[in-house]
Amino acid sequence: MDVTKIIILVVAIALIGFILWWFFGKHDEAIGKASVNQGTQEANIVVNGGYSPSTIVLKQGVPAKVNFDMQDSTACLSHVVFEQLGVNKDLTKQKITTINIPTDKKGTYNFACGMDMFHGKIEVK
């Protein structure tokens, strides 16, 4: 086996390792909390190559709004879908899109991009 084949083999193994880590590895998850003002809680999620933070914690029983700040023009991230709530919002129509989240009972509301590649969740505690 010559040097070129060895280099190609090493690069291929490294690339496969990176792909496995990217899709299946445990990554740190950013968790945000809502701020409460005048009886309403509000949280912000930046949409830029994913969702940051990807998890928001809300207080049960306090009306809540989650603002999606669109900073990425990727087609996949142009929509946010809350399947459990029946919400499918186009984030490209305005810089910040607000979605009301029900907080009458504890639970988790998962959301994803329009292609279901990027995910996040809202936890009502």
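Read the figures in this text as sums done on the coordinates, not as results from a lab. Source: prediction; values computed, not measured. Cβ coordinates were reconstructed from backbone atoms using ideal geometry, including for glycine residues, and neighbour counts include every protein chain displayed.
Annotations
- For residue 59, the lysines whose Cα comes closer than 28 Å to its Cα, not counting residues fewer than 8 places off in the same chain, are 26, 33, 89, 95, 105, 106, 121, 125.
- 5 angstrom amide H check on residue 121, placed H, neighbours 5+ away: 55, 56, 111
- Cα long-axis angle, helix 3-24 against the chain (0 to 90 degrees, to the nearest 10): 20
- Phi angles across segment 56-72 convert, under the Karplus curve 6.51 cos²θ - 1.76 cosθ + 1.60 with θ = phi - 60°, into 3J(HN,Hα) values of 10, 10, 10, 8, 5, x, 10, x, 10, 10, 10, 9, 9, 8, 6, 10, 9 Hz, Gly and Pro given as x.
- Additional length obtainable on full extension of the chain from residue 123 to residue 7, 0.36 nm per residue less Cα span: 37.0 nm
- The chain: equivalent-ellipsoid semi-axes (sqrt of 5 x gyration tensor eigenvalues, Cα, Å): 37, 16, 12
- For residue 87, residues with placed amide H under 5 Å, excluding near neighbours: 82
- Here the Karplus relation 6.51 cos²θ - 1.76 cosθ + 1.60, evaluated at θ = phi - 60°, turns the backbone of segment 100-115 into coupling constants of 7, 10, x, 10, 6, 9, 5, x, 10, 10, 7, 9, 8, 6, x, 9 Hz, with x for every Gly and Pro.
- Largest first, the three principal axis extents of the alpha carbons in segment 1-70 are 71, 22, 11 Å in whole numbers.
- Computed magnitude of the charge dipole of the chain (debye, nearest 20; Cβ of K, R +1, Cβ of D, E -1): 360
- If R0 is 25 Å, the Cβ-Cβ spacing of residue 73 and residue 22 corresponds to a FRET efficiency of close to 0.70.
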